[in-house]
Amino acid sequence: AIDGDGNVLAGGLFYHSGDTQFCGSVAKFDGTSWSQVGTCAPGGVNALVVNGTNIYAAGSGICSYAYVQQFDGTDWTYLGSAFGNMDVLSIKGGYLYVGGEFNGISVPQNSASAIEAVATLAPKCCGR
């Protein structure tokens, strides 16, 4: 993915680039060097999409759980998870579309912001 400043974003499951150590699975290349995006993003990242200043990542966590997270420029926020794998992210018309092999998406009940983010971005898929 390419962010709003033209930097290349890469997702995967890696821990360093040359001598640069990473904690997480999303990195940014500014044309000169690689750097970590935010604090640790969990698991491997299979898909990235950028919408304005927000970065969305989907991938595989532990124990066959897939996840979707949002990076707002400062912090990663957990948006939801499912049993299976999430491989594709796309944004169109204000909706965040998630593709892959999974059964439904679960959002944290104790996090109003995560529920609101999923409901705002993907009300058609989530029944909201």
### Query
From the set of residues in the range 27-57 that are closer than 23 Å to Gly94 by Cα and open to solvent by less than 30 Å² (accessible area, probe 1.4 Å), which is modelled with the lowest pLDDT?
Val45
## Note on the structure
Filtering the range 58-94 down to residues that are over 23 Å from Val8 (Cα atoms), open to solvent by 40 Å² or more (accessible area, probe 1.4 Å) and part of a strand (DSSP E or B) yields Tyr65, Phe83, Asn85
### Task
Quickly run through the range 5-17 and pick out the residues that are part of a loop (DSSP other than H, G, I, E, B) and either within 11 Å of Phe29 (Cα to Cα) or modelled with pLDDT of 90 or more (or both).
Asp5, Gly6, Asn7
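The values are calculated or read from the model by the stated rules, or taken from the named source; none is laboratory data. Everything numeric in this text was worked out from a predicted model, so none of it was measured. Just so you know, the surface numbers come from the protein's heavy atoms only, side chains and all, with ligands and any DNA or RNA stripped out. Shrake-Rupley method; radii C 1.70, N 1.55, O 1.52, S 1.80 Å.
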